[in-house]
1. Given the criteria touching a residue at least 40 places away in the same chain (Cβ under 8 Å), more than 27 Å from residue 35 (Cβ to Cβ), not aromatic (Phe, Trp, Tyr) and not in a helix (DSSP H, G or I), does residue 102 qualify?
2. Check whether at least one residue in segment 95-102 is over 21 Å from residue 40 (Cα atoms) and touching a strand residue (DSSP E or B) at 6+ places or on another chain (Cβ under 6 Å), and report yes or no.
3. Counting only residues that are among the small types (Gly, Ala, Ser) and open to solvent by 30 Å² or more (accessible area, probe 1.4 Å), which one in segment 49-78 is farthest from the chain's Cα centre (by Cα)?
4. In this structure, does residue 126 turn out to be part of a strand (DSSP E or B) and either at pLDDT 90 or above or on the phi > 0 side of the Ramachandran plot (or both)?
5. Kindly indicate whether any position in segment 81-101 is open to solvent by 20 Å² or more (accessible area, probe 1.4 Å), basic (Lys, Arg), touching a His at 6+ places or on another chain (Cβ under 8 Å) and at pLDDT 90 or above.
6. Find the residue count for segment 31-48, including only residues that are crowded, with 19+ Cβ neighbours inside 10 Å and either within 30 Å of residue 161 (Cβ to Cβ) or at pLDDT below 95 (or both).
7. What's the number of the only condition in (1) loosely packed, with under 12 Cβ neighbours inside 10 Å; (2) in contact with a Ser or Thr (Cβ under 7 Å, 6 or more places away or on another chain); (3) not aromatic (Phe, Trp, Tyr) that residue 114 fails to meet?
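The values are calculated or read from the model by the stated rules, or taken from the named source; none is laboratory data. Since the model is a prediction, treat every value here as computed from it, not as a measurement. Here the Cβ positions follow ideal geometry from the backbone for every residue, glycine too, while neighbour counts run over all protein chains shown. The area values use the complete protein model at the heavy-atom level, side chains included, leaving out ligands, DNA and RNA. Shrake-Rupley method; radii C 1.70, N 1.55, O 1.52, S 1.80 Å.
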Amino acid sequence: ALLTLLGDPAVELALPKSPDFYVNPSDISISPAAPLNDDTVSVKIKVHNIGKVFTGDSVKIDVYDQIVDSTFLIDSRYISSFGKDDSLNAKWLPKYAGIHNIKAEVNSDGHIIEDDISDNIANAQFTVFNLDNPNIVSPINGSKWKDRVDFMFVDVGEFIAKDLEYFIEIDTNT
């Protein structure tokens, strides 16, 4: 005999009663993948809902850029009701080179009641490059040598698909 619980008034199925949003670090992406400072970068945030559809309402999504000890708001916007997945595209203009932490926060204002808010924030790190200052690993500026000098650079050109040329000037005055 085939048993089914659907329609049985004595059994309450574990179906969500409210929306439940989440975002993962892998849901945050940028284009281009290796941007330069002052480039326009597209940030894409995928948002998921494993709960009930929130018809006639919208959810707030905040996107931040965190570098060293500073936090900058990239975008804050509401997206209307969606089922399982939706996404937000924001324009970002990174001012500084270095490692940036992009933070996405779903339902940041708590407007929509959820079953679980612990998975509403995700962070992903991206590197922004600067071509104005070469990344010299050695020698340290102001060092003195006897016969031979070996230079070591971090070649940013490999990350941004450009062949870079370096001009080195050595002061021979003592």
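1. No; evaluated as a whole, the condition is false for this residue.
2. So far as segment 95-102 goes, no, none of its residues is over 21 Å from residue 40 (Cα atoms) and touching a strand residue (DSSP E or B) at 6+ places or on another chain (Cβ under 6 Å).
3. Residues of segment 49-78 that are among the small types (Gly, Ala, Ser), as a first pass: 51, 56, 58, 70, 76.
Narrowing further to those that are open to solvent by 30 Å² or more (accessible area, probe 1.4 Å): 56, 58, 70, 76.
Numbers: 56: 29, 58: 22, 70: 15, 76: 14 Å.
Step by step, filter segment 49-78, then rank; the result is 56.
4. Values: part of a strand (DSSP E or B): yes; either at pLDDT 90 or above or on the phi > 0 side of the Ramachandran plot (or both): yes.
Against the criterion (part of a strand (DSSP E or B) and either at pLDDT 90 or above or on the phi > 0 side of the Ramachandran plot (or both)), residue 126 qualifies.
5. Pass one, segment 81-101, residues open to solvent by 20 Å² or more (accessible area, probe 1.4 Å): 81, 83-87, 89, 91, 93, 95-99, 101.
Subset that is basic (Lys, Arg): 84, 91, 95.
Those still in the list that are touching a His at 6+ places or on another chain (Cβ under 8 Å) too: 84.
From the residues that got through so far, the ones that are at pLDDT 90 or above too are 84.
Yes, because at least one residue in segment 81-101 is open to solvent by 20 Å² or more (accessible area, probe 1.4 Å), basic (Lys, Arg), touching a His at 6+ places or on another chain (Cβ under 8 Å) and at pLDDT 90 or above.
6. 4
7. (1)
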